[in-house]
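A quick write-up on the structure given underneath.
The values are calculated or read from the model by the stated rules, or taken from the named source; none is laboratory data. Fair warning: this is a prediction, and the values are worked out from it, not measured in the lab. Here Cβ is always computed from backbone atoms with ideal geometry, including for glycine, and neighbour counts include all displayed protein chains. Just the protein is used for accessible areas: all its heavy atoms, side chains included, with ligands, DNA and RNA removed. Shrake-Rupley method; radii C 1.70, N 1.55, O 1.52, S 1.80 Å.
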Amino acid sequence: VKEVDELLQRQFSVVEELMYDVCPQVRVVAIEGACRILSIFWELIPKKVTTAMLTSLAGDLVHDKTSPAVRAAVFNGMTFVIDNPLAQTALKK
């Protein structure tokens with residue numbers, strides 16, 4: 001179980017790193033992927049990870065000054081997250 005948790009944490013860390021990649025196209029794909037992951041696996045992802053991802057998306061990446069495509073990807077991706085009823089409480093905060 002510990003090994004699985006460590007593997008999952010590494011995967012979440014990679015997604016988070018890719019959301020801040022220097023290449024805007026990589027950031028766009030990472031944002032869309034992160035949102036789909038949150039949408040599909042919300043109840044399986046630790047709250048700390050979901051909070052960190054949502055903070056990155058809504059607090060930082062939505063204001064990306066270097067790429068309008070990144071800002072648009074946040075809004076497009078959040079439509080998937082919004083569709084998950086379990087995410088509603090966290091999104092209201």
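Picking from Val4, Val29, Val49, Val70, which residue would you name as being in contact with a Phe, Trp or Tyr (Cβ under 6 Å, 6 or more places away or on another chain) and in a helix (DSSP H, G or I)? Result: Val49 is the single residue among Val4, Val29, Val49, Val70 that is in contact with a Phe, Trp or Tyr (Cβ under 6 Å, 6 or more places away or on another chain) and in a helix (DSSP H, G or I).
The residue that is surrounded by the most Cβ atoms within 10 Å (Cβ to Cβ), counting only those in segment 41-64 that are under 13 Å from Ala87 (Cα atoms) and among the hydroxyl-bearing types (Ser, Thr, Tyr), is Thr50. What pairs can you find where one residue is in segment 69-86 and open to solvent by 30 Å² or more (accessible area, probe 1.4 Å), the other is in a loop (DSSP other than H, G, I, E, B), and their Cβ atoms are less than 7 Å apart, with a gap of 6+ or different chains? Pairs found: Arg71/Asp64.
Taken as a whole, the condition of being in a helix (DSSP H, G or I), in contact with a helix residue (DSSP H, G or I) (Cβ under 9 Å, 6 or more places away or on another chain) and modelled with pLDDT of 95 or more does not apply to Ala58. Residues in segment 19-29 that are open to solvent by less than 90 Å² (accessible area, probe 1.4 Å), among the aliphatic types (A, V, I, L, M) and touching a Leu at 6+ places or on another chain (Cβ under 8 Å): Met19, Val26.
Please work out if Arg36 is exposed (fewer than 15 other Cβ atoms within 10 Å of the Cβ) and part of a helix (DSSP H, G or I). Criteria met by Arg36. Screening Glu6, Glu16 for residues that are exposed (fewer than 15 other Cβ atoms within 10 Å of the Cβ) and of a type in the set (D, E, K, R) leaves exactly one candidate, Glu6. Candidates Lys2, Lys47: the one that is of a type in the set (D, E, K, R) and under 18 Å from Met78 (Cα atoms) is Lys47. No other residue among Leu7, Leu18 is hydrophobic (A, V, I, L, M, F, W, C) and more than 11 Å from the chain's Cα centre (by Cα) apart from Leu7.
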